[in-house]
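To start, the structure itself, in structure tokens.
Bear in mind these aren't lab numbers, they're just calculated from the coordinates by the rules spelled out. This structure is a prediction, so every number in the text was calculated from the model and none was measured. Glycine gets a Cβ as well: all are built from the backbone with ideal geometry, and neighbour counts include every protein chain shown.
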Amino acid sequence: MNIVDLRSDTVTKPTPEMREAMAHAEVGDDVYGEDPNVNLLQEAAADKMGKAAGLFVPSGTMGNLIAVLVHCQRGDEAIMGDKGHTFSFEAGGISALGGVFPHTLQNQADGTLKLEDILGAIRPDDIHHPVSKLVILENTQNRCGGVVLSKEYTDEVGKLAHGHAMQLHVDGARIFNAAVAIKTSAKDLVHAADSVTFCLSKGLCAPVGSVLCGSREFIDKARRIRKMLGGGMRQAGILAAAGLVALDSMIDRLAEDHQHASDLANALAKMKGIHFEMGMPQTNMVFPSLGPDVKYTAAELAKKLSVEGVKVSAVAERRLRLVTHAWVDDAAVEQTLKAFEKVLA
Ligand code: TLP
């Protein structure tokens, strides 16, 4: 049976072009800064983000952690969404390893943090309080439906943060999905950010890695922290070579993933018991909710779908997440819809 894996875009595998580039990649010791492919990738990534420099890191989680550790000292506070990846899915690393205090604000349905909430969260200069140092936004905002934050909104948040001597970090794990969805450049979307992490290993299909971008001074500090965390990867050019292919040839095609997500959602919305309380997909994430007519929980339904060869995630008692990516084609969409029809019958 053909398996359709919609649990995440992290399940994507390197393309034949990537495997070819990896096989022939010239390498060097990146801890000495001597890996030519890593250096090329970092330059290309920084250019795409409109920042002065980039740093290849093993994961999005490490990229976000390093950014927080550069921007904040122990006891400082970082303002972030309560549905943000850094708050919910990074094992509390900023607190465990950096002593950084997370100040969470409610993510609105459109993925934003209200400007007045951010303003209200910034601490006055008073020895009773931690020092507010950083605001973190996520674009696309995963747990709000993979929604896109606009340039205008991000610029407003940047202005607010900078006006209070704070920095802005964007977790842009899927920033290219955001850019493709609203037909703009990633550079524009993160213009106001002091730092941004984006992932090569999700919709862009590279096997491993993310790039953290920012000013030259920021990246110099980030490089030391990456070493401290054990993220100096030596002959990482084998991975960077795949990352270069990802940046060259995998960005524009993300529109196909968005189309497949839309196709899935439109057809699922017509099935009895399925509704979209989080809204229809803007990018590659589909979050169907199960109404009272559906006799299964999301976890039970996911199990039944897997018997039909369709893997999805249960993200709440009555909500699933389906993520489209390059390995999900028209036939996979069809197989998924047939599986839903069968298990809901
Ligand atoms: N997200 C994964 C899981 O960890 C939840 C997924 O399947 O969506 N920022 C955002 C917005 C992310 O969605 C993720 C991964 C990361 C950071 C972390 O990236 P990695 O997995 O490379 O550490």
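Just a few scattered comments:
- Sequence-ordered 3J(HN,Hα) estimates for the stretch 191-200 from the Karplus curve with 6.51, -1.76 and 1.60 and θ = phi - 60° stand at 3, 7, 7, 7, 8, 8, 10, 10, 9, 8 Hz, glycine and proline given as x.
- Loop GluC sites (Glu not before Pro), the stretch 115-219 (other Cβ atoms within 10 Å of the site Cβ: 14 or fewer; DSSP): none
- For the chain, built as a Gaussian network whose Cα springs stay under 10 Å, the top-fluctuating residue of D293, D30, D257: D293
- Charge dipole of the stretch 12-249 about the Cα centre (unit charges at C-beta), most positive-ward option of C205, H103, L41: C205
- Only Lys, Arg (+1) and Asp, Glu (-1) charged, at Cβ; the chain dipole about Cα centre in debye: 740
- Net charge dipole size for the stretch 274-316 [Lys, Arg +1 and Asp, Glu -1 on Cβ; Debye, nearest 20]: 160
- Acute angle (nearest 10 degrees) that the helix 330-344 long axis makes with the longest principal axis of the chain, alpha-carbon atoms: 60
- Dipole-positive endmost among A181, H260, L244 within the chain (Cβ charges, Cα centre): H260
- Among beta bridges that DSSP assigns inside the chain, antiparallel share in %, nearest 5: 50
- Choice from H260, H164, H325 showing the highest fluctuation, given a GNM over the chain with Cα pairs closer than 10 Å: H164
- Rounded tilt (10° steps) of 151-163 against the dominant C-alpha axis of the chain: 30
- Where trypsin sites (Lys or Arg not before Pro) fall in DSSP loop in the stretch 151-209, at most 10 other Cβ within 10 Å: K183
- Residue (of A314, Y296, W327) at the positive-pole extreme of the stretch 253-344, dipole from beta-carbon charges: Y296
- Per residue of the chain, the DSSP helices (runs of n ≥ 4 H) give a summed -39500 (n - 2.57) that works out to -12000 deg cm²/dmol at 222 nm.
- Selected from T297, T86, T283 as most flexible by GNM, with the chain as the system and alpha-carbon contacts under 10 Å: T297
- The magnitude of the dipole of the stretch 61-149, with charges of +1 and -1 set on the Cβ of Lys/Arg and Asp/Glu and taken from the Cα centre, is near 180 debye.
- Aspartates and glutamates whose Cα lies under 14 Å from that of K183, excluding same-chain neighbours fewer than 8 positions away: D252, E256
- Straight-distance candidates among the lysines for linking to K159, with alpha-carbon spacing under 18 Å and chain neighbours fewer than 8 residues away dropped: K51, K114, K133, K151, K187.
- When Rg and the Kirkwood Rh are both derived from Cα coordinates, the Rg/Rh ratio for the chain amounts to 0.98.
- 15 Å Cα-Cα reach of K295 towards aspartates and glutamates, excluding residues that sit fewer than 8 places from it in its own chain: E317, E341
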